[in-house]
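Student: So that we are looking at the same thing, I have put the structure below in structure tokens.
The values are calculated or read from the model by the stated rules, or taken from the named source; none is laboratory data. All figures in this text were calculated on a predicted structure; none of them were measured in a lab. So basically every Cβ, Gly included, is an ideal-geometry build from the backbone, and we count neighbours across all protein chains shown. Just so you know, the surface numbers come from the protein's heavy atoms only, side chains and all, with ligands and any DNA or RNA stripped out. Shrake-Rupley method; radii C 1.70, N 1.55, O 1.52, S 1.80 Å.
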Amino acid sequence: MTDDKRIVDADMAAIQKMIDAGHKFLMTTGRPLTSVKKLAEKYGFLKPGYFLVSFNGGLIYDCGTGEPILTRRISVDDVKFIMDEAFKRGMHAHTYAGDLVVSEHETEQLKRYCSLMQMDYVVVNDIREYFKSPPFDSPSEPINVVVKPPIKVNIITPFEHSSLEEFRTDMRKTTEGKLFDVFSKPEMLEFSHLQSNKGDAVRFMADYYKVPVSETVAVGDEENDCPMIKAAGVGVAMANASDIVKKCADYVTLNDNNHAGLAEVIEKFVLP
């Protein structure tokens, strides 16, 4: 997507060409499913051939059938521990339940995030109690929420990026080998299931369709894209990707995300 969150016409045309040629198109994102579905609907992707990999691989959704084909959840106790540690340090933390963002504190970061994602939020006293049963007692709460064990927890810092690096180092004393962590943005750190990453999503989908991983192509620009760039047969970094992404890529585009970089990738590696 462009910096102002659009898909340019040249990229749209290239995506349609690859779909017409029988390929599959996966939108892989750290966004929750509710948010990315709105984007997919806007661009006409809610049809066969398209898939949404949300929560960095925690949930894979088949746009053709309208059903998830993979969901990887984490324990509420793990989420509670991470959230408590984040709040102690003055950082924001939230998780998800159905189409809601769930937090124990109402912060400016929560409001901005939900505005960007176009999602509603609920503030609860204790997420462990919240996830025990559907909270339908209050008439002010939406009744369409599906309360299940969460898929991931997000930490957003109001401080420098280094504060999240320190936080990740501290959390790994408990979470290493248990949870996967990654930066989706410099100010946002995410914790999820050990296999909830975009690389495992690529491998899962290749196996799902009995396609060799060597015949897959992945393109991205941030740290959370590195697992899929490394996993794919051809891993591509956008021209304006972060340095860490360029180092793990097989190819760096000539055009950036604002100038049909995706069309360049599809024309070069997919359609031939």
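Student: Looking for something farther than 27 Å from Val8 by Cβ and outside any helix (DSSP H, G or I) - is there at least one such residue anywhere in the stretch 253-263?
Tutor: Within the stretch 253-263, not a single residue is farther than 27 Å from Val8 by Cβ and outside any helix (DSSP H, G or I).
Student: Something else about it: Among the residues of the stretch 56-69, write down those that are part of a strand (DSSP E or B) and open to solvent by less than 30 Å² (accessible area, probe 1.4 Å).
Tutor: Residues satisfying the conditions are Leu59, Ile60, Tyr61, Asp62.
Student: Take the stretch 165-218 and flag every residue that is touching a strand residue (DSSP E or B) at 6+ places or on another chain (Cβ under 7 Å), open to solvent by 30 Å² or more (accessible area, probe 1.4 Å) and either among the aliphatic types (A, V, I, L, M) or not in a helix (DSSP H, G or I) (or both).
Tutor: Selection gives Phe180, Glu187, His193, Leu194, Val217.
Student: Checking Glu223 against (1) closer than 29 Å to Glu166 by Cβ; (2) touching a residue at least 60 places away in the same chain (Cβ under 8 Å), only one condition comes out false. Which one?
Tutor: Unmet for Glu223, out of (1) closer than 29 Å to Glu166 by Cβ; (2) touching a residue at least 60 places away in the same chain (Cβ under 8 Å): (2).
Student: Considering only residues of the stretch 32-55 that are part of a helix (DSSP H, G or I) and surrounded by 17 or more Cβ atoms within 10 Å (Cβ to Cβ), which is nearest to the chain's Cα centre (by Cα)?
Tutor: In this case the residue turns out to be Phe55.
Student: Looking at Val252, Val265 in this structure, which one is open to solvent by 40 Å² or more (accessible area, probe 1.4 Å) and modelled with pLDDT of 95 or more?
Tutor: Answer to the check: Val252.
Student: Let me ask something additional. What do you reckon, is Ile15 open to solvent by less than 60 Å² (accessible area, probe 1.4 Å) and under 24 Å from Val265 (Cα atoms)?
Tutor: yes
Student: Only residues that are buried (at least 18 other Cβ atoms within 10 Å of the Cβ) and either at positive phi or not in a loop (DSSP other than H, G, I, E, B) (or both): list them for the stretch 224-238, please.
Tutor: Correct list: Asn224, Asp225, Cys226, Pro227, Met228, Ile229, Ala231, Val234, Gly235, Val236, Ala237.
Student: Now for a separate question. Of all residues in the stretch 165-191, which are under 24 Å from Asp243 (Cα atoms), out of contact with any His (no Cβ under 6 Å at 6 or more places or on another chain) and not charged (D, E, K, R)?
Tutor: Answer for the stretch 165-191, where residues must be under 24 Å from Asp243 (Cα atoms), out of contact with any His (no Cβ under 6 Å at 6 or more places or on another chain) and not charged (D, E, K, R): Phe167, Thr169, Phe180, Val182, Phe183, Ser184, Met188, Leu189, Phe191.
Student: As an exercise: evaluate Pro272 against (1) at pLDDT below 95; (2) in contact with a helix residue (DSSP H, G or I) (Cβ under 7 Å, 6 or more places away or on another chain) and give the number of the one condition it does not meet.
Tutor: (2) is the only condition that Pro272 fails.
Student: Looking at (1) under 15 Å from the mean Cα position of the chain (by Cα); (2) open to solvent by 60 Å² or more (accessible area, probe 1.4 Å); (3) among the hydrophobic types (A, V, I, L, M, F, W, C), can you tell me which one Ile244 breaks?
Tutor: Failing condition for Ile244: (1).
Yes/no matrix, rows are residues, columns are (1) at pLDDT below 95; (2) crowded, with 16+ Cβ neighbours inside 10 Å:
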| site | (1), (2) |
| --- | --- |
| Phe87 | no, yes |
| Leu100 | yes, yes |
| Gln109 | no, yes |
| Pro135 | yes, yes |
| Ser140 | yes, no |
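Student: Now a separate question. Can you confirm whether the stretch 18-28 contains a residue that is of a type outside the set (Val, Ile, Thr), open to solvent by less than 10 Å² (accessible area, probe 1.4 Å) and closer than 25 Å to Glu190 by Cα?
Tutor: no
Student: Would you pick out the residues in the stretch 80-113 that are assigned to a helix (DSSP H, G or I), farther than 22 Å from His161 by Cβ and within 20 Å of the chain's Cα centre (by Cα)?
Tutor: none
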